[in-house]
Amino acid sequence: MPIEAVLLDMDGVVVDNLPYHVDAWLLFCEQHGIPLTREVFYRELNGMNSKDTFEWFYGREMSREEIEHLEEKKEAIYRNFYADHRVAAPGLIAFLTELQEQGIACALATSAGQGNIDFIVDGLGIRHFFQAIVGGAEVKKGKPDPEIYMKAADLLGANYAHCWVVEDSLQGIQAGLSAGMQVVGITTSHSASELARTQIQAPNFEGLLGLIQTKL
């Protein structure tokens, strides 16, 4: 099947920033008396949007205003931690350039909020590579629900079966598979064996388009 579109997650994929996010979550939870370990985050929360994460912490449904207030506190910690360390994942720029040269559409589909999307996309200067960007606030159901990837594909006018998703989280991988798409598992958060449900497992973007094309 031809590749019509590639849909990228952001955190842990476009940038290897998850340790900074986890450190920020750990500090936020410590400040708010919420028990959290690094292991629990990677197993249960990685890939979730803010609404689902905060409701998981507090064990109740929360208003948009509550979530936005707490989210800004946590994201301020994260951006302070990561600001001096922003760097594109190995091979990312070459990969995006190849897609552009071959006329393959590309979208960003991330659970992150707009502030963090701008922080990464504009911080790396890569906005021009994406024909669509879908953030967590633009969908009703977060990953592992497939809504975000289906919406990104719809914005590109791409057939779901001809889309490749690049993900690192178990929730995100499930979202891509549930949308009927092919999925690349990036091993920043989990081992290749943990991502065995994906069509390809890779450490980063180096040589990735060639690997995808061998699967066609």
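Which condition does Thr188 not pass, out of (1) modelled with pLDDT under 95; (2) over 20 Å from Phe95 (Cα atoms); (3) hydroxyl-bearing (Ser, Thr, Tyr), if it passes all the others?
Every condition holds for Thr188 apart from (2).
Would you mind stating whether Leu36 is in the same structural domain as Ile117 (by TED's automatic domain parsing) and under 30 Å from Glu194 (Cα atoms)?
For Leu36, the condition - in the same structural domain as Ile117 (by TED's automatic domain parsing) and under 30 Å from Glu194 (Cα atoms) - is not met.
Only one of Ala112, Ala76, Ala137 is outside any loop (DSSP other than H, G, I, E, B) and either polar (S, T, N, Q) or within 16 Å of the chain's Cα centre (by Cα) (or both); which?
Ala137
The rows are residues; the columns are (1) more than 14 Å from the chain's Cα centre (by Cα); (2) among the polar types (S, T, N, Q).
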site: Asp16; (1), (2): no, no
site: Tyr20; (1), (2): yes, no
site: Leu27; (1), (2): yes, no
site: Ser50; (1), (2): no, yes
site: Phe57; (1), (2): yes, no
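If you take the residues in region 147-184 that are within 13 Å of the chain's Cα centre (by Cα) and either assigned to a loop (DSSP other than H, G, I, E, B) or of a type outside the set (A, V, I, L, M) (or both), which one is surrounded by the fewest Cβ atoms within 10 Å (Cβ to Cβ)? Before you say what the answer is, go through the steps one by one.
So in region 147-184, the residues within 13 Å of the chain's Cα centre (by Cα) come out as 148-149, 152, 165-176, 183-184.
Remaining after also requiring either assigned to a loop (DSSP other than H, G, I, E, B) or of a type outside the set (A, V, I, L, M) (or both): 149, 167-169, 171-172, 174, 176.
Values: Tyr149: 30, Glu167: 29, Asp168: 24, Ser169: 27, Gln171: 20, Gly172: 31, Gln174: 18, Gly176: 31.
That would be Gln174.
Taking the conditions exactly as written (of a type in the set (D, E, K, R), surrounded by fewer than 20 Cβ atoms within 10 Å (Cβ to Cβ) and under 20 Å from the mean Cα position of the chain (by Cα)), does Glu71 satisfy them or not?
no
Considering only residues of region 19-47 that are surrounded by 20 or more Cβ atoms within 10 Å (Cβ to Cβ) and either in contact with a Gly (Cβ under 6 Å, 6 or more places away or on another chain) or of a type in the set (S, T, N, Q) (or both), which is farthest from Ala109 (Cα to Cα)?
Per the stated criteria, the residue is Asn46.
Test Phe95 against the criterion of being at pLDDT 95 or above, more than 24 Å from Phe41 (Cα to Cα) and aromatic (Phe, Trp, Tyr), and give yes or no.
For Phe95, the condition - at pLDDT 95 or above, more than 24 Å from Phe41 (Cα to Cα) and aromatic (Phe, Trp, Tyr) - is met.
Output the number of residues of region 29-42 satisfying the condition of being within 21 Å of the chain's Cα centre (by Cα) and either of a type in the set (D, E, K, R) or closer than 20 Å to Ala83 by Cβ (or both).
Result for region 29-42: 2.
For region 48-73, what are the residues that are assigned to a helix (DSSP H, G or I) and within 16 Å of Thr110 (Cβ to Cβ)?
Filtering region 48-73 down to residues assigned to a helix (DSSP H, G or I) leaves 50-58, 64-73.
Correct list: Ser50, Lys51, Asp52, Thr53, Glu71.
Would it be correct to say that Lys151 is over 18 Å from Ile186 (Cα atoms) and basic (Lys, Arg)?
Working: over 18 Å from Ile186 (Cα atoms): yes; basic (Lys, Arg): yes.
So Lys151 passes the test.
The values are calculated or read from the model by the stated rules, or taken from the named source; none is laboratory data. This structure is a prediction, so every number in the text was calculated from the model and none was measured. Cβ sites come from the backbone with ideal geometry, for glycine too, and all protein chains shown count toward neighbours.
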